Structure formats: structure tokens, C-alpha cells
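Please treat every number below as a calculation from the coordinates, not as lab data. Note that this is a predicted model, so its numbers are computed, not measured. So basically every Cβ, Gly included, is an ideal-geometry build from the backbone, and we count neighbours across all protein chains shown.
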Amino acid sequence: MPGKRVVVIGMGFGGLSAAKALCGKGFELCMVDRHNFHLFQPLLYQVATAGLEQEAIAYPLRAISRKWKDAEFLLAEIGSVDLENRCVLTSSGKIAYDYLIVAAGSRTNFFGMHSVERHSFDLKRLDQAEDLRNQILLMFEKASQETDPKRRSALLTFVVVGGGPTGVEFSGALRELILYVLSKDHPNISPDETRTMLVEAADTLLTAMPSDLSEYACNKLRGMGVEVLLNTRVVDATAETVALHDGTIINCHTLFWSAGVAAAALASGLPGVELAGSGRVVVQTDLSLKGYPEVFVIGDMASFVQDGSPLPMMAPVASQQGRYAARAIMSRESGGRIPPFRYLDKGAMATIGRSSAVAITNGLKFRGYPAWLVWLVLHLFYLIGFRNRLVVMMNWAHYYFSHERQVRLITADKRRSQS
């Protein structure tokens, strides 16, 4: 007979790590997610820039867990959590728990700018990556037929907001797509007619990295033709314009927003919990909720202060917290105790384009081709499923030797509504 029931909300990096650690350990495990697949979000930008198929970076959750003993997966939306009565209210009914791990992730933070939210693209879901790819390809199709120079220029202008890893990687991939693929597909469009603009509010890109690596990334992007605007903020947008804080108006039909994230809306729905910046839930040293030791909040939803500042909203943090929460539950059931959670920072990396990246790990800094190789190996290693690894590796090899991107499919004639 299985033991106590552990419910895991959200099967991203944190939830999946927790579930893997708990399966087969004598618990009744219930995993709940609104999607039936685990998504490898770090490669979403490659779907948006026609480098990978959607299926290559997602893996069915039921396939992952089918051999796990006493484990079930439930496809459902979370309505609320009743902390007092220890149950989760979902679109499929009520689920009781003995332990709860909340790992619902994050959403894009537009900082209250509703016009920007309405007229920009973001990358948190597979369908959003497909929407953005459709938009990029459609802009070139329309521009190739446009005779008005001003409108043609606006169609070929792409503004990326946010100089973190996602913004840097997307800008580099988009520029390469334009230079090596789309300009050949559309011989009447010169790469010089196009504009790729990366807007960052800080005075440097990749602020979490050492200054020399940030400067390398900035110079590399500029060398590729990306216009990098530092100390610059986007304050408004329409369907055809982007407004900067200094009054500059950019005629542009494609705005991609990667300037911030906030905790999933479920965080504010947890009754009586303390919230910190970006709507994140303040947790105890063991990642549990104050007053509710059986409830753990991990990943992007959790505000955990270490060495004076909250841990970043990154996949490695979520994965380590997921494994820790599982160990805490097992330890508690066996009558033991474990030390407070502490994140082991293994470094950070970002790819800038073909054969170029920046990385730092254990105090060692890499740039250029060596960093790019490290980036490739690690991303292949953390992908789930042999087929996915094989497909991604083949796509990357094909692009490396030919500069071709095969997934240039326009699968909708208009963008989906944002939700």
C-alpha cells in the first residue's frame, strides 16, 4: 500500500525534479499540470526562429511517469489551494494531500504596461513560439510585396526588449535567420533593409555575468548587425510603433518582450502568504510555507534569500529546490532533519550565435567557440528523451554546415490572441 499522498503542482524543471526524486519511495504521487508535456523552455527561442520543431523540446509527461510506481498524472487547471483543509481545487475536482509541492512557475512581467502586453510577443509556451515564428516569416512575405518604403521598413524592423539570456540568444538567432536564410528566400530584400534592435534598461547586457563577458556579447551582437540600445526603456506600443522613454518612436510591427518575469498568478491566490518582489512567495529556510510545514513552494514562485538577495528565477534553481523539497519530505517521514536549503551556483551561459557564446562556471570564464561547445553539450544533456536529443543534434549539425533552417512554416495567417 502506498504511503502519504504528495501532490506536485506544475511539471516544469522544479516539479519534475521533485517528482523524480519521490517516485518509488513509498508515497502516493499525484502530478498536476495544465499541459500534458514537460517543456524545455531554454530552447523556445529556437522554435521561434525556425531552428527547431516544437516537438523536439517537449516530452509527454505520461511517457516520463508511466513506469513510476504509485504515481498518476492529472491534466487540469489549478483553481485554488485550501491550505487549512489540505486540498487543491482543480478543473477536474478536489485533490487532498498530505504534502504539497507548488511549482507553477512564472509568467511574463510587463510592469503594468497594458499596451505593451497587448502588442508584444513573449516566450513562455510552445504556442507563443509558433506565433512569433509565424510573425517573423509573415513580415518578410508582406515586405517582399510592399512598395511603400516607409511601410516596408516597418515590416522589416524587429525590436527585442530585455538584455538577459533570452533577449541576447533570440536577437543573435534572429539576425542569423535574416542574414543566412530569409534574405536568400526573398532576394528582393537586402539584409541592410532590415533592423534588429535589442533594448536594455541597464547599462550592460547579461547583468549576471562578469563585465568582460557582457561586453563581448554586446560587441558580438553589434558585429552581426544588431542595434544594441543600452540605458533605454520601452514605455508604450501600438500594433505598428514602439515608444522609448526619450520620446523616440520606432516604426515596427514586431515587438518581442523578454524584460521580466513574475510568479504565476497562483502565488497571489495562496491565502495569507507573504509575497515579495515579482509576486513571489516568501518561504522558510526549508522552502516550506510559514505555518504550513507540509506545503513547499519552489522554483520561480519562491522568494528565497541567500547571501542577502533572492535567488534568480532560473531552471537550475528550480531543479535544485525540487530535489531538496523531495528530500525534506522523505526526511520528515523518517523522523530525521536536513540542513536548510542552499543553492549551488554552477554558473551561467548564453549563446550569441553560431560558434559563439559566453559562459562562467566555478570562476572560470569561457567565450567564443569553447563556450558554444559547452552550451551545446549541456543543453543536449538536459533535454528529455533520446529522440529529442537526436533530432536537436541533427538540426544543429545541419544548420552548422549549411546555415539552413528547415522549420520555415507559416502555420497560421494571423497571430493568436494573447492569454
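For a straight C-alpha distance cut-off of 17 angstrom, the aspartates and glutamates reachable from residue 20 (same-chain residues fewer than eight places away being disregarded) are 28, 33, 70, 72. Note the angle between two axes, namely the Cα long axis of helix 126-145 and the longest principal axis of the Cα atoms of the chain, as a number of degrees from 0 to 90, rounded to the nearest 10. Roughly 10 degrees between the two axes.
Here the residues 381, 170, ranked from fewest to most Cβ neighbours within 10 Å of their Cβ, fall in the order 381, 170.
Each label point was placed 7 Å from the Cα along the Cα-to-Cβ direction; for residue 248 and residue 92 their separation is 5.0 nm. At a threshold of 8 angstrom on Cα-Cα distance, excluding pairs fewer than six apart, so keeping six or more, what relative contact order does the chain reach in percent? Once divided by the residue count of the chain, the mean separation gives 20 percent. By DSSP, what percent of the beta bridges with both residues in the chain are antiparallel, rounded to the nearest 5? Expressed as a percentage, antiparallel bridges in the chain total about 50.
Residue by residue, the stretch 280-286 carries 3J(HN,Hα) couplings of 7, 7, 6, 10, 7, 5, 9 Hz when phi is fed to the Karplus relation 6.51 cos²θ - 1.76 cosθ + 1.60 (θ = phi - 60°); x denotes Gly or Pro. Computed from the C-beta positions of residue 20 and residue 337 and an R0 of 25 Å, the FRET efficiency is 0.65 to the nearest 0.05. Taking 12 Å as the straight-line reach from the Cα of residue 94, the aspartates and glutamates in range (excluding those fewer than 8 positions away in the same chain) are 77, 82.
Converting the Cα gyration tensor eigenvalues of the stretch 183-253 into ellipsoid dimensions via √(5λ) gives semi-axes, longest first, of 24, 20, 8 Å. With the convex hull drawn over the C-alpha atoms of the stretch 268-362, the volume per residue is 131 Å³.
Would you mind checking the stretch 383-402 for residues with the amide N under 18 Å from a putative spin-label position 7 Å along Cα→C-beta of residue 55? Counting backbone N atoms under 18 Å from the label point, the list is 384-396. The convex hull defined by the C-alpha atoms of the stretch 1-118 has an orientation-averaged projected area of 9.3 nm². Counting only lysines at least 8 places from residue 220 when in the same chain, those with an alpha carbon closer than 18 Å to its own are 365.
Whole-Hz Karplus values for the stretch 202-219 come out as 7, 8, 7, 7, 6, 4, 7, 9, x, 4, 5, 6, 4, 5, 4, 4, 4, 5 Hz, taken residue by residue from phi with 6.51 cos²θ - 1.76 cosθ + 1.60 and θ = phi - 60°; glycine and proline positions read x. DSSP finds beta bridges in the stretch 1-159, and of those with both partners inside it, around 45 percent are antiparallel. For the chain, the fraction of alpha-carbon pairs lying more than 36 Å apart is 28 percent, rounded to a whole number. Once the Cα atoms are used to define both axes, helix 369-382 deviates from the longest principal axis of the chain by about 40 degrees.
Per residue, the convex hull spanned by the alpha carbons of the stretch 56-101 comes to 104 Å³. Ordered from longest to shortest, the equivalent ellipsoid semi-axes for the stretch 77-186 are 42, 14, 14 Å, each the square root of 5 times a Cα gyration tensor eigenvalue.
In the chain, helices alone account for a calculated mean residue ellipticity at 222 nm of -9500 deg cm²/dmol, with every DSSP H run of four or more residues adding -39,500 (n - 2.57).
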